[in-house]
1. Before we move on, is residue 22 surrounded by 14 or more Cβ atoms within 10 Å (Cβ to Cβ) and modelled with pLDDT of 95 or more?
2. Residue by residue through segment 68-89, note down the ones that are over 20 Å from the mean Cα position of the chain (by Cα) and farther than 15 Å from residue 152 by Cβ.
3. On the basis of being outside any strand (DSSP E or B), surrounded by 12 or more Cβ atoms within 10 Å (Cβ to Cβ), in the same structural domain as residue 19 (by TED's automatic domain parsing) and modelled with pLDDT under 95, does residue 236 make the cut?
4. Out of all the residues in segment 1-21, which are farther than 16 Å from residue 260 by Cβ, out of contact with any helix residue (DSSP H, G or I) (no Cβ under 6 Å at 6 or more places or on another chain) and not in a loop (DSSP other than H, G, I, E, B)?
5. For residue 28, indicate whether it is within 21 Å of residue 131 (Cα to Cα) and in a loop (DSSP other than H, G, I, E, B).
6. Tell me yes or no: at least one residue of segment 242-264 is in the same structural domain as residue 49 (by TED's automatic domain parsing), over 18 Å from the mean Cα position of the chain (by Cα), at negative phi and part of a strand (DSSP E or B).
7. With assigned to a helix (DSSP H, G or I), more than 25 Å from residue 136 (Cβ to Cβ) and in contact with a helix residue (DSSP H, G or I) (Cβ under 7 Å, 6 or more places away or on another chain) as the only criterion, which of 80, 54, 94, 70 stands out?
8. Is at least one residue of segment 80-88 in contact with a strand residue (DSSP E or B) (Cβ under 8 Å, 6 or more places away or on another chain) and farther than 21 Å from residue 131 by Cβ?
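The values are calculated or read from the model by the stated rules, or taken from the named source; none is laboratory data. Treat the numbers as computed from the prediction; the structure is a model and nothing was measured. Here the Cβ is made from the backbone with ideal geometry for all residues, glycine too, and neighbour counts use every protein chain on show.
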């Protein structure tokens, strides 16, 4: 007999650092999805999408949950969110300076993460280790602290000359990812980009801080086995997804023959049943 375990609007799964990571779907109550790994579930799209900002009913979402008009006016959807080195706050053209004060003009960290290989990334101080988990990293190491997102973006741009700043999600979803010596790679990067970092330090009145004594964080996920086929599906094209839940990693639910990115379906209304 089926049992409804969730009904409502999807948003990014809440994560709790544990061994393994705990994943929650949030509505009126929290649903611990780890309890359903190894069991059969059915996820059904209710043919309703709502903008997470203005609450307007929409046919298509943009930027993980927004309507198109909101993407054109909200600071959270501006191009500089994905390209922080292009921040235009200092030019007086920020869409919402008060939002930027709370989200961009604050302490950020740069880090190395082992997702599908080594990548460099940045995140605000409140998002560690959440950011690493959302990216499906199995190892992570923060190495530098800045006073703003823009400063962090400039340094990330330097490191991305030799390290990727992207995650290959198909490879990330594999159960076994080889361990990497992140400290060794970091030492190489500091030597290689010493002059670039010195140049950036002269451009900002507020100094950045290199973190010398950080330890690598190891991350494990609730996972039985990787899918036979790593095929990502969208609810717009496949309104019902059912099968044995093989695992959860990043923001993906993994079934035997398909995966679904919950975060990319933010704003979608669904019903999830244990079957």
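1. Working: surrounded by 14 or more Cβ atoms within 10 Å (Cβ to Cβ): yes; modelled with pLDDT of 95 or more: yes.
So residue 22 passes the test.
2. 68, 69, 70, 72, 73, 88
3. The answer is no for residue 236.
4. The first filter runs over segment 1-21 and keeps only residues farther than 16 Å from residue 260 by Cβ, leaving 1-4, 7-8, 14-21.
Remaining after also requiring out of contact with any helix residue (DSSP H, G or I) (no Cβ under 6 Å at 6 or more places or on another chain): 1-4, 7-8, 14, 16-20.
Within segment 1-21, 3, 4, 7, 8, 14, 16 qualify.
5. Answer is no for this residue.
6. Taking every residue of segment 242-264 in turn, at least one turns out to be in the same structural domain as residue 49 (by TED's automatic domain parsing), over 18 Å from the mean Cα position of the chain (by Cα), at negative phi and part of a strand (DSSP E or B).
7. So the residue among 80, 54, 94, 70 that is assigned to a helix (DSSP H, G or I), more than 25 Å from residue 136 (Cβ to Cβ) and in contact with a helix residue (DSSP H, G or I) (Cβ under 7 Å, 6 or more places away or on another chain) is 70.
8. No, because not a single residue in segment 80-88 is in contact with a strand residue (DSSP E or B) (Cβ under 8 Å, 6 or more places away or on another chain) and farther than 21 Å from residue 131 by Cβ.
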